[in-house]
Each structure stands twice: as C-alpha cells, then as structure tokens.
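J.: Pasting a structure here, questions to come.
The values are calculated or read from the model by the stated rules, or taken from the named source; none is laboratory data. Note that the coordinates shown come from a computational prediction; the quantities given were computed from them, not determined experimentally. As a convention, Cβ positions derive from the backbone with ideal geometry for all residues, glycine included, and neighbour counts pool all protein chains shown. The protein model used for the area step is the full one, side chains on, heavy atoms only, and it has no ligands, DNA or RNA in it. Shrake-Rupley method; radii C 1.70, N 1.55, O 1.52, S 1.80 Å.
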Amino acid sequence: MSLFTIISHDRKPLREMLPLQKPLSLFIEPTNLCNFRCTPCVHGSDNTRNDLKPLKHMDMALFKKLILELKEWPGPKLKLLRLAMLGEPFINPDFCEMVRIAKEAEVAERVDTFSNGSLLTPDIAVKLITYGLDAIRFSIYAAQDKHHREVTRTDCSVAKIQANIKQLRDTRDRSGAEKPYIFVKMFDTYSDENTIFFDLYQGIADEIGLEKVHNATNYSGNDLVNMYYNDPVKELQSRREYQASLNTGRAVCSRPFMSMVINNIGDCLMCTHDPAKGTKIGNANDTSLQDLWRGDNMFAFRKMLLEGRKHENRICANCDWFKLFPQEDNVDGFPVDKLRI
C-alpha cells in the first residue's frame, strides 16, 4: 500500500468509528495558482479555471488560525494534514513556513504535499527537509519533452524536473534525514513512455507509480480522458480499466464523514475536486473548524448523501470517484439519526 493512501487501511472500518469527534484528515490549499496548464486539470480549460477564481494564495493569518484551532481541538491528532489541493504549492512564497508551523504544532501524524516539481529549488529542498515534511508526491505528466509540452503547455523540460527532484533526494540523503518520502507518479501512457518514466526516477524516488486518467466528478462536462490522450484506442482502454476498478455497488461518498477541505479563501468544502465550491458548507474565516465539523450544514450534507440525494448537488451529481475508495470507507446505510456527535 502506498504511503499516499489518504487514510491507512490498518484501522477499524469507518462506519464503526462514526460519528468522528474530529476528521481523520484535513486538506488545506496554500494557493490555487499554478504555473502549468495541464490538459487533464482544472487549470487546463477556461471554464474550470474560471471556477477557481479568485486565484490567490491563502492568507498566512488564516493558515495560522487553522493550525491553532487544530492544536486546541481535543482528541487524537489528524492522521493526515495535506498542504495541497488545486494549485502548485511552491508558487506561494510562504509555503515552507506553512510546513514549519504545521510540523511544530504537531497536529497531524503526517504532513504532506503534492507538486509538479518545476519550481523546486535548492533552498526549498533544504527547508522541506529541515522542517520535517513527511512526504511529497510529484505529479509527472510526461516523460518525453514533446509530450510534456503538449500536456503542460509550458517549456519546462523533463530533465529540469528530474534534476530538481534528484537534488531533493541527494540533499536529503547527504543530511542523513529519512524525510520527506518522495513519490513520483505519471499518468499511464499505454506506451514505451512508461518505461522511460520508470528509468528516469529509478534511484531518485522512494516510490514510482502510474495512475489512470479519469473524469473525476464529471461536473464540468470536460472529457479529461480525451484531453490527455487524444487517441481513441488509448481512451477506450483507459475508460474500460477505470470502469472495471469501480465498486459499482457503492452508493455514498465517505469523504464528508472523515475529512474536510479548506480552500485558499477559507471555504470549507467536502471534496478536493471542487473548484466551483459547489460543496461549500461554510467558511473558516468566520467559523471554527470544530463548528464546521459539527454544524448543521455538515449534518445536512451528510444526510443528503445517506438518503441517496447526491443528485441535488452539482459537484456530486455525476461523480463516481468515491467508488474507488477502499472497502474500509464504506458508509452505505449508516443511520442518519446516529450522525450527531
């Protein structure tokens, strides 16, 4: 099992822990700005990029408020605090300071982030190691320059990203540190490019993997599979494999029962795939994390899902992403009257 599984399988089934006093995981978005315009991403098309607005960094005052509230929240630490959502974290000049604050507060068993690797500098690498970031996933979009330019719509080279990640690994190893754990992942190209990718990162990454392109929530009408492959044969293979991996009997998304998302402007969302803020239940600028977690809006959202009314929410309506979640997360049929803490 990958370290980047959001919640470990080594625990009781989620339904046996409900209702949770506090979430198992929290996602905080340091920024929703990105220097790439990747075709299978919300930044890759005008309609979804417009949904992201306002495009800005999270205010440090808000971030510090969130960490303080986590520290003062009774109960066990979060299993995971992820400092990433829909932007490139290293664009935010305060990102490393966010890592330092979060780690020193000891509010989570693991603090990690995602990055495209293009902006990773020697200074950032040293700070990530010094401050104790537990893990970082690098999303690699292609292993050949022509393909990389087509997907990311930038001139950033494959070699530049590899060199940045290698520098992080070398700096970590020279310092004698074990963290951050380095995971690199690329979309399955169904071609020899996969082998090139593995060869590029062998001996650099602690873990290397492929993932499938899929249409996530399907809220925007964008066909991300087509936008990435633009190849009918590969698209068909990708769609078939994705459908085969779904637990088609699953009815309820478990995320709102075990995690929360705070985006760059403080909106509390139920999903990391929600640039349009359609799952918003409140805002952390004027409401505490505890009150958001225990509030009426959260209860109503969970109740909607358990009662089979996800079609009432524009983000949830056509989503089947949750059907990829492990069996331990199945909350189908959980009694609504037992939701209240």
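J.: What's the extension gain from Thr130 to Glu69 if we count 0.36 nm per residue and subtract their Cα-Cα distance? It would help to have the intermediate numbers written out before the result.
T.: Details: separation 61, 0.36 × 61 = 21.96 nm, distance 2.44 nm.
Difference between extended and current length: 19.5 nm.
J.: At a 1.4 Å probe radius, carbon and sulfur cover how many percent of the accessible area of segment 168-288?
T.: Values: 2330 of 5010 Å².
On segment 168-288, the fraction of accessible area on carbon and sulfur atoms equals 47 percent.
J.: Additional query: How much accessible area per residue does the chain have, in Å², with a 1.4 Å probe?
T.: Values: 14460 Å² over 341 residues.
Dividing the accessible area of the chain by its residue count gives 42 Å².
J.: Still on this structure, please answer the following. Compute a Gaussian network model of the chain, connecting alpha carbons closer than 10 Å, and tell me which residue from Arg240, Arg49, Arg250 fluctuates the most.
T.: Comparing Arg240, Arg49, Arg250 in the GNM, the peak value goes to Arg240.
J.: With the crude spin-label approximation of a point 7 Å out along Cα→Cβ, what separation in nm comes out for Glu97 versus Arg309?
T.: 4.4 nm
J.: With a 4.7 Å Cβ cut-off, tell me which Cys residues in the chain come up empty for a partner.
T.: Cys34, Cys96, Cys156, Cys253, Cys268, Cys271, Cys316, Cys319
J.: May I pose another question? Please report how far the C-alpha centroid of segment 280-341 lies from that of segment 158-200, rounded to the nearest whole angstrom.
T.: 36 Å
J.: Can you send over the carbon and sulfur percentage of the accessible area for segment 24-147, probe radius 1.4 Å, protein chains only?
T.: Values: 2360 of 4470 Å².
For segment 24-147, the apolar C and S fraction of the accessible surface comes to 53 percent.
J.: How would you classify segment 14-137 from its alpha-carbon gyration tensor, with a ≥ b ≥ c the square roots of the eigenvalues: rounded for a/c under 1.5, else prolate if a/b is greater than b/c, otherwise oblate? Don't skip to the answer; put the middle values down first.
T.: On the way: a/c = 1.91, a/b = 1.34, b/c = 1.42.
Oblate is the answer for segment 14-137, as a/c is 1.5 or above yet b/c matches or exceeds a/b.
J.: Here is a follow-up. Helix-only estimate, please: 222 nm mean residue ellipticity of the chain, summing -39500 (n - 2.57) across DSSP H runs of length 4 or more and dividing by its residues, to the nearest 500. Let's see the in-between values first.
T.: Details: 13 runs with 121 residues, N = 341.
The helix contribution divided over the chain gives -10000 deg cm²/dmol.
J.: Scan [x] 30, 25, 19; [y] 38, 29, 18; [z] 41, 23, 18 for the value of semi-axes √(5λ) of the Cα gyration tensor in Å calculated from this model and give just the label.
T.: [x]
J.: Please work out how much length the chain gains when fully extended from Ala105 to Ala61, using 0.36 nm per residue of separation minus the C-alpha to C-alpha distance, in nm with one decimal. Could you put the intermediate results ahead of the total?
T.: Numbers: separation 44, 0.36 × 44 = 15.84 nm, distance 1.53 nm.
Answer, rounded to one decimal: 14.3 nm.
J.: How would segment 158-279 be classified by its alpha-carbon gyration tensor: rounded, prolate or oblate, with rounded meaning a/c under 1.5 and the a/b versus b/c comparison settling the rest?
T.: oblate
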